[in-house]
Amino acid sequence: MRIAMTRKIPAVALETLESSGADVVVWPEQLPPSPERLLEHVEGAEGILSTLNDKIDGSVLDKLPSVKVVSNFAVGYDNIDVDACTQRGIAVCITPDVLTDTTADFAFALLMSAARRVSESHQSIARGEWKTWEPLGYLGQDVYGATLGIVGMGRIGVAMAKRAAGFNMTVIYSDMYRNESAESELGVEHVEFDDLLSRSDFVSVHTPLTPETRGLFSTEQFKKMKPSSILINTARGPVVDTDALVEALKSGEIWGAGLDVTDPEPIPADHPLLSIDRAVVCPHIASASEVTRSRMAKLAADNVLAVLNGTTPPRCLNPEVLTRD
Ligand code: DGY
């Protein structure tokens, strides 16, 4: 059984895979492989333990006839063409649940930081700009009692709503599916997307990247938001049109942003977004706690082994391929 890991991830993944007797190859470099090097690295493998940097589509899979499972070290899977995998009888697995609370913690941290200018004021001190206590300096937006609009009321959206309850926030959400248990248990209100934009003080994005959500936030949407509002994105960068966001922040159409994900990623150090004080930008680290990344690694490894051993993987997106002969 040959398994290819496309990055170094917490040690528990390699330990789990090797303890099954598998022959495991691990991409040794700090940066992810190029598409060409990826093909060389995974050639002959039956299992791929991938990350969100690896684009795995039909043209890649056609060159890899031995593959039976692609297990992504992430809950998001926009880097994988799931239909192409299903057509070829390849299972696709992901790592939900284990990262829900850690990601919601970070989304709320970005919300707090953007609203109260935490990162911006720290940088200002480090530049030697702080001379005395300032009655009019670093004024931010209140979080308590504000209205939070959640776009995508899945697991992480629900966890975000729970955190908002502690700040006495009103929570509204938009989603193509109603989440009735969240409505009854947390008192959140389902609204149309445009309504959410115009009513929210904070808009937090928790939707997967799909053809429908790509560019969901652009010039038109920013115009509908309050001038005092703050956009939080811990989902995927391309859900937001970056140029339109820069314009909206510069023109004061919205007040601030807290972004863990950007388009492009990584965002170049000289990108205009990074020169905007009211934008807090982080390097895609919402799930990056020691415990959570290890849990993700274990789940990703368990997913691979289950498929290759003919048992039911804990988290499979296309279980129909498992029952085929
Ligand atoms: C995911 O899981 O999709 C995150 O973006 C990385 O943890």
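Selection of region 210-243 for residues being within 16 Å of the ligand (Cβ to nearest atom) and within 25 Å of ASP142 (Cα to Cα) yields ILE232, ASN233, THR234, ALA235, VAL240. The helices (runs of 4 or more DSSP H) located wholly in region 148-252 that include 2 or more residues which are touching a residue at least 12 places away in the same chain (Cβ under 8 Å), within 30 Å of ASP83 (Cα to Cα) and out of contact with any Phe, Trp or Tyr (no Cβ under 6 Å at 6 or more places or on another chain) occupy 155-165.
Note on region 76-99: residues that are buried (at least 19 other Cβ atoms within 10 Å of the Cβ) and more than 10 Å from the ligand (Cβ to nearest atom) amount to 7. For region 68-75, the count of residues that are buried (at least 19 other Cβ atoms within 10 Å of the Cβ), in contact (Cβ under 8 Å) with a residue 60 or more places away in the chain and aromatic (Phe, Trp, Tyr) is at least one. I'm trying to understand the selection: among the residues of region 269-301, which are in contact (Cβ under 8 Å) with a residue 60 or more places away in the chain, away from the ligand (no atom under 16 Å from the Cβ) and open to solvent by 40 Å² or more (accessible area, probe 1.4 Å)? If the condition is that a residue be in contact (Cβ under 8 Å) with a residue 60 or more places away in the chain, away from the ligand (no atom under 16 Å from the Cβ) and open to solvent by 40 Å² or more (accessible area, probe 1.4 Å), then ASP277, ARG278 are the ones that fit. Residue-level check: of (1) within 16 Å of the ligand (Cβ to nearest atom); (2) in contact with a helix residue (DSSP H, G or I) (Cβ under 8 Å, 6 or more places away or on another chain); (3) without any contact (Cβ under 8 Å) to a residue 60 or more places away in the chain, THR51 misses just (2).
The values are calculated or read from the model by the stated rules, or taken from the named source; none is laboratory data. Predicted model, so just to flag it, every value in this text is computed and none were measured. Neighbour counts are summed over all protein chains in view; Cβ atoms, including those assigned to glycine, are modelled from backbone coordinates with ideal geometry. What goes into the accessible areas is simple: the full protein's heavy atoms, side chains included, and nothing from ligands, DNA or RNA. Shrake-Rupley method; radii C 1.70, N 1.55, O 1.52, S 1.80 Å.
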